[in-house]
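The values are calculated or read from the model by the stated rules, or taken from the named source; none is laboratory data. Worth saying up front: this structure is predicted, and the values here are computed from it rather than measured. Positions of Cβ are generated from backbone atoms using ideal geometry, with glycine treated the same way; all protein chains shown enter the neighbour counts. Side chains are part of the model used for accessible areas, which takes the heavy atoms of the whole protein and leaves out ligands, DNA and RNA. Shrake-Rupley method; radii C 1.70, N 1.55, O 1.52, S 1.80 Å.
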Amino acid sequence: MGEWFKTWFDTTYYDILYDDRDELEAEEFIQHLLRYLNLDQRAFVLDIGCGTGRHALALAEYGFDVTGIDLSLNRIEKALVYQNEHLNFYQHDMRHLFRINYYDVVFNLFTSFGYFESSNDDQKAALSMALNVKNGGIFVLDYLNAHYVIDGLIHEEHITKQNIHFDITKKLLNNRVIKQIAVCDHDSCLMFEESVRLYSLDEIELLFAPCRLKLTQVFGNHQLEPYDALKSERMICIFKKISLTYDPIFKLFGSFVI
């Protein structure tokens, strides 16, 4: 199927299936995060995997200078209707460099990571995301909790929305949760897939440690309640960028860190 996210996220069916992921939900999550982070009003903020911009828009309403990036041109085009002097959107692949040592805080929210088949691509994405963060800045990763997903896995679901039928099957394979989605819209039937890597908290910490991101706090849901490895729905990981004049890891990009 290739890189599934390049097709599925661009469909109207994705928006219909996940129509509960609305602006109100995003605003409430951002409120909790900002209350904890206590950012300077002049902060520069990056939302990686911004989709149609619901979290970026919520952040911009607090007066920050916000940039949203996403691989999907379709979703970026939808986000562009919100663009203004302090809110900008760009099509961009998180595996590639965007801006080095630029943002006070970088967000990667609602499991917008772990899609790639190759662990090397995950490492590239982790390093590229980290490079966006200023020394002493913050990186926030909102990821699924593997234990919760495994224990609560529903193998089959049948959902109807707007007269469109979604037949969904889920399975665990090679440390990934794979969701196959059959969409029946009148006489048309299409098949899509979601495939996300299951990382433990220890694995997430190890993945980002070489990028000079130190894990400082973990929460268990979007209300920022305490994290329980067995029961929490999410892993909301808060990292701090360790300051260092020069690090050999950045030879890969030929970049000195200011």
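Legend: distances between Cα atoms for LYS6/LYS124; LYS171/LYS231; LYS6/LYS241; LYS124/LYS214; pairs beyond 27 Å are LYS6/LYS241.
For region 1-159, the antiparallel share of DSSP beta bridges with both residues in that region comes to about 5%.
Sort 125-138, 90-103 for me by packing, meaning the mean count of neighbouring Cβ atoms within 10 Å per residue, highest on top. Spell out each step's value before the answer.
Values: 125-138: 20.9, 90-103: 16.9.
Taking the mean over residues of other Cβ atoms within 10 Å, the ranking is 125-138, 90-103.
Scattering from region 11-113 was approximated by placing one identical point on each alpha carbon and applying the Debye formula without solvent; log10 I(q)/I(0) at 0.11, 0.24 1/Å stands at -0.31, -1.49.
The packing ranking, built from the mean of other Cβ atoms within 10 Å per residue, places the peptides 111-121, 159-169, 69-79 in the order 69-79, 111-121, 159-169, highest first.
Given a 1.4 angstrom probe, I'd like the percentage of the accessible area of the chain that is carbon and sulfur, rounded to a whole number. Answer for the chain is 52 percent, counting heavy atoms of protein chains only.
Round to the nearest 0.05 the FRET efficiency obtained for ILE159 and SER243 when R0 = 51 Å and r is the Cβ-Cβ distance.
Computed FRET efficiency for ILE159 and SER243 comes out at 0.60.
For LYS170, the aspartates and glutamates whose Cα comes closer than 12 Å to its Cα, not counting residues fewer than 8 places off in the same chain, are GLU156, GLU157, GLU193, GLU194. Each part gets one Cα centre, and for region 75-153 versus region 164-231 those centres are 14 Å apart.
Note that the chain presents 49 Å² accessible area per residue, ligands and nucleic acids not counted, probe 1.4 Å. Rounded to the nearest 20, the Cβ-based charge dipole of the chain about its Cα centre (Lys and Arg +1, Asp and Glu -1) stands at 1080 debye. The gain in end-to-end length when the HIS186 to LYS6 segment is fully stretched comes to 62.4 nm, 0.36 nm per residue minus the alpha carbon separation. Here the mean projected area of the convex hull built on the C-alpha positions of region 119-199 is 7.7 nm². Extending 7 Å from the Cα toward the beta-carbon at both LEU24 and GLN217 defines two label points whose distance is 2.7 nm.
Rg and Dmax of the chain, based on Cα coordinates, read 18.3, 61 Å. Under the convention that each Lys and Arg Cβ holds +1 and each Asp and Glu Cβ holds -1, the size of the dipole of region 41-100 around its Cα centre is about 120 debye.
Extension gain, ILE16 to GLN31: 0.36 nm times the residue separation minus the Cα-Cα distance gives 2.8 nm. Among LEU127, LEU24, GLY114, which residue has its Cα furthest toward the positive end of the charge dipole of the chain, with +1 on Lys/Arg Cβ and -1 on Asp/Glu Cβ? Most positive-ward Cα: LEU127.
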